[in-house]
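Some notes on the structure that comes next.
The values are calculated or read from the model by the stated rules, or taken from the named source; none is laboratory data. These figures come from a predicted structure and were not determined experimentally. In this analysis, Cβ positions are derived from the backbone assuming ideal geometry, glycine residues included, and neighbour counts consider all displayed protein chains. Keep in mind that these areas ignore ligands, DNA and RNA; they rest on the heavy atoms of the full protein, side chains included. Shrake-Rupley method; radii C 1.70, N 1.55, O 1.52, S 1.80 Å.
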Amino acid sequence: MARNYELDDTDRKILALLIEDAKIPYTEIARKVHVSGGTVHVRMARLEELGIVKGATLKIDYQKLGYGVSAFLGIYLLKSSVYASVVEQLREIPEVVSIHFTTGAYGVFARLVCRDTQHLRDVLHDRVQLIEGIERTETLISLEETMNRAIQLQ
């Protein structure tokens, strides 16, 4: 895995376009960046090989699919050595969409997406709080996601 790989202006322009719309065709990127389609393909292959680009994802409006509750879960671990085991078990819970190993009060900070507060309660009570190594949890329900964006590459 590459660390501190220096992007040139062409790399930055290509990535900026793809960050904005991951479905944009390479031919359209080439036209906008003033390079050949082959150059875009080679650059992207290199960025993927270096581990800078790790794939493309869709932005989903989970609320429109019936998942109206987004919550953040601060997890207190019994000891830091149980982190890997706890994460392995959290990965098995479909409602857990992100997991972070953190400094501060919580050992782990996770984001969950659920249909409603009853669904959230069931996930917490019947799944999360049964995981060995978790001492206790604190739940924060998001009232609204005002912004979610990628960083601007310099």
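Here are the numbers for this structure:
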{"item": "Residue match in segment 87-94 (condition: outside any loop (DSSP other than H, G, I, E, B), free of Cβ contacts under 8 Å to residues at least 24 places away in the same chain and open to solvent by less than 20 Å² (accessible area, probe 1.4 Å))", "result": "yes"}
{"item": "Test: residue in segment 38-52 that is closer than 21 Å to Ile131 by Cα and either part of a helix (DSSP H, G or I) or of a type outside the set (Gly, Ala, Ser) (or both)", "result": "no"}
{"item": "Filter result (open to solvent by 40 Å² or more (accessible area, probe 1.4 Å), in a helix (DSSP H, G or I) and in contact (Cβ under 8 Å) with a residue 40 or more places away in the chain) within segment 62-82", "result": "Tyr62"}
{"item": "Top-ranked residue in segment 28-60 [being among the hydroxyl-bearing types (Ser, Thr, Tyr) and in contact (Cβ under 8 Å) with a residue 12 or more places away in the chain; ranked as most open to solvent (accessible area, probe 1.4 Å)]", "result": "Thr57"}
{"item": "Those residues of segment 97-118 which are out of contact with any Asp or Glu (no Cβ under 7 Å at 6 or more places or on another chain) and closer than 12 Å to Ser70 by Cβ, in sequence order", "result": "Val97, Ser98, Ala110, Arg111, Arg115, Asp116, Thr117"}
